[in-house]
Amino acid sequence: MTPFASLADAVDRAVDDGMTVALEGFTHLIPFAAGHEIIRQRRRDLTLVRMTPDLVYDQLIGAGCARRLVFSWGGNPGVGSLHRMRDAVQNDWPVPLEIDEHSHAGMAERWRAGASGLPFGVLRGYVGTSLPEHTATVATITCPFTGEWLSAVPALRPDVGIIHAQQADRQGNVMLWGISGVQKECVLASRHAIATVEEVVDEFQPRPNGVVLPHWVLDAVCVVPGGAHPSYAHGYDERDNAYYAEWDAISRRREAFTGWLDDLLEGSGHVGR
Amino acid sequence: MSDAEPGYTPDDMMTVAAARALRSGDVCFVGIGLPSTAANLARRLHAPGVVLIYESGCIGAKPTRLPSSIGDGVLAEHADVLVGVPEIFSYWLQAGRIDIGFLGAAQIDRFGNLNTTVIGPYEDPTVRLPGAGGAPEIAANCRRVIVTLRHSRRTMVDEIDFVTSIGHGSGNERSELGIRGEGPVAVITDLGIMRPDPTSRELVLTDVHPGVPVSAVEVATGWPLRVAPDVTETDAPSAAELEALAALRGSGG
């Protein structure tokens with residue numbers, strides 16, 4: 001079955017209030033258009049999972065879609081803070097936000113465990129830090145073979161995982177390349193997976209660090225050119241660093257952010273610039 | 001500051017001093033911001049063979065301009081190898097293949113423990129900072145760690161509000177905790193350089209930058225700073241170093 005769908009239909013079918021949803025993409029290939037669609041469909045009480053919340057979760061949090069955030073680095077890369085996330089954590093605006101905070105290595109192992117169908121991941125990490133005191137999802141375990149102390153972190157198994165990729169072929173197989181982050185793990189760990197893509201091609205070409213996800217692990221493929229903007233799609237466009245800087249001003253004050261949100265909710269398109 | 005105009009800023013001095021800490025052949029896991037500027041400066045100057053690794057999965061990155069973020073496409077374009085994020089943290093970092101971890105921080109204490117998570121209580125923070133990212137496992141698993149940050153009583157504090165990344169813990173705590181890397185070997189600021197005492201692991205001021213009196217470093221430190229008996233003065237940045245730094249900054253994406 002060809003999984004092609006419109007983004008609005010794919011999100012409408014997959015994402016319900018109260019679900020755990022992950023939009024992954026490590027600085028590169030961040031599925032912004034899908035995030036905006038979730039905002040537009042006014043989903044609420046989501047648990048949002050992402051290593052680097054980035055602008056896309058700052059927007060979802062500011063729009064009041066999230067109840068809980070699972071993450072490992074919450075800044076505006078190259079710029080500074082995520083003001084909407086800060087406002088939610090420090091002042092409960094627009095709604096309180098619980099956090100489940102990890103390191104990148106811990107999140108990466110949580111993703112890998114989820115993709116592998118294992119209950120937890122193991123790492124040499126967290127030891128000597130304050131994270132385990134504040135994060136319920138870190139435990140110390142003893143290796144049954146060597147007696148070494150290690151940290152265990154539970155698998156991530158979101159209800160819905162969403163990624164952006166460069167290409168799909170006619171069957172709906174999806175290919176991404178360049179910095180590949182945890183997108184493969186996100187798709188394989190999630191119960192329901194959606195990929196937005198730049199374009200459909202007849203045949204994939206071999207690419208450095210190319211990752212191909214067969215159509216039968218995806219529930220929907222949506223053609224959304226520019227769907228990663230203001231992040232980027234290697235080979236298609238450049239990261240819009242000016243927009244990341246501009247977001248600092250938009251997000252710093254609630255009024256300016258609310259204006260941005262109203263524009264998004266009133267329009268049907270993808271509000272980037 | 002010296003009375004004569006030195007022709008460079010304290011930030012320039014810090015970046016140059018941090019760059020000098022790297023050598024060709026070092027395999028270096030690079031944090032974004034100050035560490036990345038310093039590491040790229042080293043690669044353009046005296047350490048063309050330094051292997052730069054970024055947590056976005058770029059191994060042997062050779063950016064032609066200063067990357068604007070950890071996942072800048074310029075890091076991927078010229079890398080020797082590109083891998084996924086779970087792999088960079090497991091096969092490469094946790095397996096102990098990295099010589100030097102190069103980190104910044106919002107706060108540091110006298111044992112080189114780092115905070116990038118919160119100012120104030122965790123449950124009710126005064127300032128919510130970005131959080132851990134790759135830092136905790138970089139700090140734990142690299143053979144050595146170099147920290148670079150601006151020196152003030154806000155950053156160099158008696159007690160950090162949150163241990164995001166372990167330095168030397170409460171002293172010689174790393175080995176007790178089974179942490180394999182040696183931990184911070186140098187803290188390079190815009191005023192000077194501190195290195196851990198070989199026995200107690202408390203940071204000791206060993207170098208000051210040109211024109212910086214030891215007393216100024218003491219005043220800018222939030223704990224009674226230990227000072228080495230023979231404090232060395234850092235060499236001022238050379239014309240070549242300043243030129244390369246200006247070119248690098250001008251190239252920022």
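What to note about this one:
- Test: residue in region B:3-20 that is in a loop (DSSP other than H, G, I, E, B) and closer than 19 Å to residue B:99 by Cβ: no
- Residue match in region A:55-72 (condition: within 16 Å of the chain's Cα centre (by Cα), facing chain B (nearest Cβ under 7 Å), crowded, with 24+ Cβ neighbours inside 10 Å and of a type outside the set (A, V, I, L, M, F, W, C)): yes
- Exclusive hit being modelled with pLDDT of 95 or more and more than 19 Å from the chain's Cα centre (by Cα), set B:88, B:98: B:88
- For region A:194-211, residues that are hydrophobic (A, V, I, L, M, F, W, C), surrounded by 16 or more Cβ atoms within 10 Å (Cβ to Cβ) and not in a loop (DSSP other than H, G, I, E, B) total 4.
- Tally, over region B:35-69, of residues that are part of a helix (DSSP H, G or I) and more than 13 Å from every other protein chain (Cβ to nearest Cβ): 8
- Enumerated helices (runs of 4 or more DSSP H) restricted to region A:1-117, each holding at least 3 residues that are touching a Phe, Trp or Tyr at 6+ places or on another chain (Cβ under 9 Å): A:54-62, A:83-91, A:104-116
- Any chance residue B:105 is closer than 15 Å to residue A:132 by Cα and part of a loop (DSSP other than H, G, I, E, B): no
- Of all the numbered requirements in (1) closer than 20 Å to residue B:139 by Cβ; (2) among the acidic types (Asp, Glu); (3) under 18 Å from the mean Cα position of the chain (by Cα), residue B:159 misses one, and that requirement is (3).
- For the condition of a type in the set (A, V, I, L, M), in contact with an Asp or Glu (Cβ under 6 Å, 6 or more places away or on another chain) and more than 16 Å from residue B:72 (Cβ to Cβ), residue B:51 does not qualify.
- All told, residue A:227 meets the bar of being more than 14 Å from every other protein chain (Cβ to nearest Cβ), within 23 Å of residue A:16 (Cα to Cα) and part of a loop (DSSP other than H, G, I, E, B).
- Search result, residues across region A:178-224 that are under 13 Å from residue A:167 (Cβ atoms) and within 14 Å of chain B (Cβ to nearest Cβ): A:178, A:206, A:207, A:210, A:211, A:212, A:213
- Close Cβ contacts (under 9 Å, 6 or more residues apart or on different chains) running from residues in region A:1-25 that are aromatic (Phe, Trp, Tyr) to residues that are surrounded by 18 or more Cβ atoms within 10 Å (Cβ to Cβ) comprise A:4/A:168; A:4/A:172; A:4/A:220; A:4/A:221; A:4/A:222.
- Strands (runs of 3 or more DSSP E) fully within region A:128-173 counting 2 or more residues that are modelled with pLDDT of 95 or more, more than 27 Å from residue A:68 (Cα to Cα) and under 20 Å from the mean Cα position of the chain (by Cα): A:160-169
- Test result for residue B:180, of a type outside the set (Gly, Ala, Ser) and modelled with pLDDT under 95: yes
- Within region B:63-76, being farther than 15 Å from residue A:181 by Cα and not hydrophobic (A, V, I, L, M, F, W, C) holds for B:63, B:64, B:65, B:67, B:68.
- Each residue in region A:116-126 was checked for being facing chain B (nearest Cβ under 10 Å) and surrounded by fewer than 22 Cβ atoms within 10 Å (Cβ to Cβ), and 1 pass.
- When B:60, B:112 are screened for being at positive phi and out of contact with any Pro (no Cβ under 9 Å at 6 or more places or on another chain), only B:60 passes.
- Candidates B:181, B:171, filtered to the one that is under 30 Å from residue B:127 (Cα atoms) and of a type in the set (Gly, Ala, Ser): B:171
- Scan of region A:76-98 for residues that are more than 8 Å from chain B (Cβ to nearest Cβ), surrounded by fewer than 18 Cβ atoms within 10 Å (Cβ to Cβ) and free of Cβ contacts under 8 Å to residues at least 60 places away in the same chain, ordered by number: A:91, A:92, A:95, A:96, A:98
- Of all residues in region B:119-131, none that is facing chain A (nearest Cβ under 8 Å) and of a type in the set (Gly, Ala, Ser) has its Cβ atom under 7 Å from the Cβ atom of a residue that is part of a loop (DSSP other than H, G, I, E, B) and surrounded by fewer than 22 Cβ atoms within 10 Å (Cβ to Cβ), 6 or more apart or on another chain.
- Residue that is surrounded by the most Cβ atoms within 10 Å (Cβ to Cβ), among those in region B:103-126 that are touching a Gly at 6+ places or on another chain (Cβ under 7 Å) and among the hydrophobic types (A, V, I, L, M, F, W, C): B:103
- Residue among A:101, A:109, A:24 that is in contact with a Cys (Cβ under 7 Å, 6 or more places away or on another chain), within 14 Å of another protein chain (Cβ to nearest Cβ) and either crowded, with 24+ Cβ neighbours inside 10 Å or within 30 Å of residue B:115 (Cα to Cα) (or both): A:24
Results for (1) within 12 Å of chain A (Cβ to nearest Cβ); (2) over 30 Å from residue A:148 (Cβ atoms); (3) in a loop (DSSP other than H, G, I, E, B); (4) charged (D, E, K, R), shown as yes or no for each residue.
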| residue | (1), (2), (3), (4) |
| --- | --- |
| B:112 | yes, no, yes, no |
| B:145 | no, no, no, no |
| B:151 | no, yes, yes, no |
| B:182 | no, no, yes, yes |
| B:187 | no, no, no, no |
| B:210 | no, yes, yes, no |
| B:217 | no, yes, no, no |
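The values are calculated or read from the model by the stated rules, or taken from the named source; none is laboratory data. Predicted model, so just to flag it, every value in this text is computed and none were measured. Heads up, the Cβs are rebuilt from the backbone with ideal geometry, glycines too, and the neighbour counts pull from every protein chain shown.
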